[in-house]
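Asker: Could you have a look at this structure, given as structure tokens, before my questions?
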Amino acid sequence: MIRLLTTRAPRPSNISAVHQKINSFVCSSLCGFSAQAANQTQQNPSSINRPSSHFDSHMYGALLQRCLQNDDPISAMGLHCKILKRGNCLDLFATNILLNVYVKAELLSEAEILFDEMPERNTVSFVTLVQGYAQCLQFSEAVGLFTRLHREGHELNPFVFTSILKVLVSMECAELGWNLHACIYKLGHESNAFIGTALIDAYSVCGCVDFAREVFDGIRCKDMVTWTGMVACYAENHFFQEALEAFSQMRLVGFKPNNFTFAGVFKACIGLEALDIAKGVHGCVLKTRYEYDLYVGVALLELYTKCGDIGNVQQIFEEIPKTDVIPWSFMISRFAQSDQSEKAVNLFCRMRQSFVVPNQYTFASALQACATLGDLDLGKQMHSLVLKVRLDADVFVSNALMDVYAKCGRIEDSLELFEKSLNRNDVSWNTMIVGYVNCGDAEKALSLFLEMLENRAQATEVTYSGVLCASAGLTALELGTQIHSLTFKTNYAENTVVHNALIDMYSKCGGIRDARLVFDMMNERDEVSWNTMISGYSMHGLGMEALKIFQMMQDRGHKPNTLTFVGVLSACSNSGLLDEGQAYFSSMLQEYGIEPCIEHYSCMVRLLGRSGHLHKALKLIEEIPFKPSVMVWRALLGACVIHKNVELGRMSAQRILEMEPEDDATHVLLSNMYATARRWDNVTAIRQSMKKKGMKKEPGLSWIENQGRVHYFSAGDTSHPDMKVINGILEWLNVRTRRAGFVPDCNAVLLDVDTKEKERLLWVHSERLALAFALFRTSSGSQIRIIKNLRICVDCHAAMKLISKIVQRDIIIRDMNRFHDFHDGICSCGDYW
């Protein structure tokens, strides 16, 4: 009656046939029942099962009854053989007992044979086999047998109706209870507590709480089970206040609650966040000695977990019986979902030592913990155990296994599981899409998304968030815009998670104005929304705009977190806001109670160093309460290169190479610093050392998307098919910029060559080649977006400002650190980068 902590069986595929059978039954029923059947409904159903006076039948009936009580189907089968040898001397009463033995032993084929061979049958015969079909999840057969029962004119008593109502609930066709209710009413059973409780349960599953209440009010003699059913109906359908009121009324009329009642009441208390009431009910549980009950124990675990009372949760878990898988699965899932993965794994191991067999939900939660920990070996062991218990075909388990392999860097194994899976759902697709995004293969993620749409799988907010992240990784604005349009055709256009992904995508694709437009249109914003917008402005060098968003965030009552301050300090660093950055860094611990982490220190070192306060930056590094990372020393090294502080730069490089001896970026920065200082011997020594170690300088690359195709350019590249046109446009730009007063900054070329050669090399930098290509391949007046893998040089930056004014085009360049938005001779970075 009360289905707590159980799973409902899958809906049968031939549901239309079931509908037809029920409707056929109802139509015939409403046309009129025989007077005999109507009178029989008031009789005791066992009265028609009186045993025969025949001695053998009576004796075998008693023996079969004992087999039934002792749950001994083997002995019953032996007796059945003897009975058949003696000419099948069983009467109807004894045959029904034997039928019940087979049903309870799940020997359904034997039960069907016995039922078909019965010379006569009654209502008990039919109900027994209906229950057998339901027990084996053969719901369509159960409904068919029910219609046959009525067609043959057998009695429709309370046991018939309750059995078929339970079948309809189990097969997720509880809405057909409407039809049966009409027949129940016609036969005068509406006041029967047994049938009424089954109807309440059916209406509860459908969400028809008002109809359930009408049935409840029509029951004349309500018992404790009826009251419990009503409390559970209210609690399951989120009528939490009504559930508590029903519980109170139940107590007032003198009924004592049972374990199921308490479970429903605790659910209502959780829904209302009524901890004080829940504690009072807990006291009642202790008085009635239900604290050791499985259902009550799990409800208490849920209650105190939601309240954050971990001490009580662990105490209750230790006290309740743990022979069932449910409490183990509950605790493992809660640990896995609350970022306590090690505790989840340890509890899973303890569960195995207790010889409790995990189910699909246990494995899903334990594998989630493995994925969070990135523990591939443990994940493989669990995979072996999954195969052993034959749960590998379960969609929840297979999805969790895909996630483990994806997060442990074994995306190929995830794909193999995905391709073998026969029953994929949206989570399966999302796991693979997000897995490829996290592995850096955005193109494969987008390819899977297209395949998902072709397979008519339902995309969710996780799907859209993943593919928008993939678009951001590829800086594919056109594709990101198309996905944005696709969200308007679904129910996710107003979803906060999707909006956050859109803000991130537009920010990383250079569309900071579009990102702000999405942000302003949001009805609800969470911490991620504010942090993403702050980081977007920081990435574009719009530090003051980022700080305005930060202030707005606080004014709207949102508390900043660790990531918020990473964005704020990064914005100050990218815009040279030294005083503001120092003030916010100091306020983190003093005003917000947030302990600075390595990312915050890195931002501050970059801010101080870039502002010329190199020794203050070094002092801050020395004050870090934990070991400084490569990231911190690299920030100081970059500042030393800009300010040409060779000695401090060399010391910073030495610290980096102590931690990462094969770091090629450090060798390059050190070489550049020596080249800027014209210490060519040191440059040669470093380059020889790199050659000896097999390290190569990362070549400068720029790329641009045009009509769905990405075009790549490297410094001095001559391989592009449009190279003649590109060279012609570069010559034209060279002439126009010189006429406008542009003087090349040859210091940007860190090679020991003459000035003329340096000037030539500057004009074949990869971003200038990409710009020339864009000028003749894109429509006049449209925005030009270029992506570069390295930091843009001083000369290219100055040239781009002037070219944007000459050609009257907005030019957006994203280098390895940030965006530069060139408009009418001005860059968004304010020449600070």
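The values are calculated or read from the model by the stated rules, or taken from the named source; none is laboratory data. Please read these numbers as outputs of a predicted model, since none were measured by experiment. Virtual Cβ from ideal backbone geometry, glycine too; neighbours counted across all protein chains shown. The area values use the complete protein model at the heavy-atom level, side chains included, leaving out ligands, DNA and RNA. Shrake-Rupley method; radii C 1.70, N 1.55, O 1.52, S 1.80 Å.
Asker: The list (1) 1.31; (2) 2.12; (3) 1.38 gives values of Cα Rg over 2.2 N^0.38 Å, and only one came from this structure; which label was calculated from it?
Answerer: Entry (1).
Asker: Tell me the trypsin sites (Lys or Arg not before Pro) within the range 464-573 that lie in a loop according to DSSP and have at most 11 other beta-carbon atoms within 10 Å.
Answerer: For trypsin sites (Lys or Arg not before Pro) across the range 464-573 that sit outside H, G, I, E and B with at most 11 neighbouring Cβ atoms in 10 Å, the list reads K489, R556.
Asker: Sticking with this one: Going through the range 599-662, which chymotrypsin sites (Phe, Trp or Tyr not before Pro) have at most 14 other Cβ atoms within 10 Å and a DSSP loop state?
Answerer: Passing both the DSSP loop test and the Cβ count: F626.
Asker: What share of all Cα pairs of the range 493-575, in percent, falls into each consecutive 5 Å distance bin?
Answerer: Pairs per bin, as whole percents: 3, 18, 30, 28, 17, 5, 0.
Asker: Given Cα pairs under 8 Å that are at least 6 residues apart, what percent is the relative contact order of the range 426-524? Kindly include the intermediate steps, with their values, before the conclusion.
Answerer: Working: 120 pairs, mean separation 23.4, N = 99.
Once normalised by length, the contact order is 24 percent.
Asker: Could you give the angle, 0 to 90 degrees to the nearest 10, between helix 512-521's Cα long axis and the longest principal axis of the Cα atoms of the chain?
Answerer: Around 30 degrees separate the two axes.
Asker: Once Lys and Arg get +1 and Asp and Glu get -1 on their Cβ, which of V462, I594, V794 lies farthest toward the positive end of the dipole of the chain?
Answerer: Value computed over the given set: V794.
Asker: May I pose another question? Over the chain, what percent of the accessible surface lies on carbon and sulfur atoms, probe 1.4 Å?
Answerer: Within the chain, the accessible surface is 51 percent carbon and sulfur.
Asker: For the chain, give the magnitude of the charge dipole about the Cα centre (Cβ charges: +1 Lys/Arg, -1 Asp/Glu; no others), in debye to the nearest 20.
Answerer: The dipole magnitude comes to about 1480 debye.
Asker: Given +1 on the Cβ of Lys and Arg, -1 on the Cβ of Asp and Glu, and no further charges, what dipole in debye does the range 702-827 carry about its Cα centre, rounded to the nearest 20?
Answerer: My answer is approximately 280 debye.
Asker: Taking the DSSP beta bridges in the range 702-827 as the whole, what percent of them are antiparallel, to the nearest 5? Don't jump to the answer; show the numbers that get you there.
Answerer: Working: 13 of 17 bridges.
Here the share of antiparallel DSSP bridges comes out near 75 percent.
Asker: What does the charge count around L637 come to, taking other residues whose C-beta lies under 15 Å from its C-beta (Lys +1, Arg +1, Asp -1, Glu -1)?
Answerer: Here the charged neighbours net out to +2.
Asker: Using only Cα atoms, tell me the angle between helix 794-807 and the longest principal axis of the chain; keep it within 0 to 90° and round to the nearest 10.
Answerer: For 794-807 against the chain, the angle is about 80 degrees.
Asker: Projecting each Cα onto the charge dipole of the chain (Lys/Arg +1, Asp/Glu -1 at the beta carbon, about the Cα centre), which of H80, T490, Y290 comes out farthest on the positive side?
Answerer: Checked the options; the winner is T490.
Asker: When a/c is below 1.5 the answer is rounded, else prolate if a/b is larger than b/c, else oblate, so apply that to the range 340-498 with a ≥ b ≥ c taken from the square roots of the Cα gyration tensor eigenvalues.
Answerer: prolate
Asker: Per residue, how many Å² of accessible area does the chain show with a 1.4 Å probe?
Answerer: 48
Asker: What is the spread of the Cα atoms of the range 730-818 along each of their three principal axes, largest first, in whole Å?
Answerer: Reported extents, whole Å, longest axis first: 39, 31, 18.
Asker: Given +1 on the Cβ of Lys and Arg, -1 on the Cβ of Asp and Glu, and no further charges, what dipole in debye does the range 678-737 carry about its Cα centre, rounded to the nearest 20?
Answerer: Charge dipole of the range 678-737: 520 debye, to the nearest 20.
Asker: Ok, one more. Percent of alpha carbon pairs in the range 636-776 separated by more than 28 Å?
Answerer: Details: 3264 of 9870 pairs.
Value for the range 636-776: 33 percent of Cα pairs lie more than 28 Å apart.
Asker: Spelling out what I want: for every residue of the range 396-401, take phi, set θ = phi - 60°, compute 6.51 cos²θ - 1.76 cosθ + 1.60 (Karplus), and round to whole Hz; glycine and proline get x.
Answerer: Per-residue couplings from phi come out as 5, 5, 5, 5, 5, 5 Hz.
Asker: Which of the listed residues, G581, C640, H820, is farthest toward the dipole's positive end in the chain, when Lys, Arg count +1 and Asp, Glu count -1 at the beta-carbon?
Answerer: Looking along the dipole axis, the top candidate is C640.
Asker: Using only Cα atoms, locate the centre of the range 472-532 and the centre of the range 675-723, then give the distance between them in Å, rounded to an integer.
Answerer: 34
Asker: Of all the Cα-Cα pairs you can form in the range 426-524, what percent are over 23 Å apart? Write down the numbers at each step before the final one.
Answerer: Values: 822 of 4851 pairs.
Tail of the P(r) past 23 Å holds 17 percent of the pairs.
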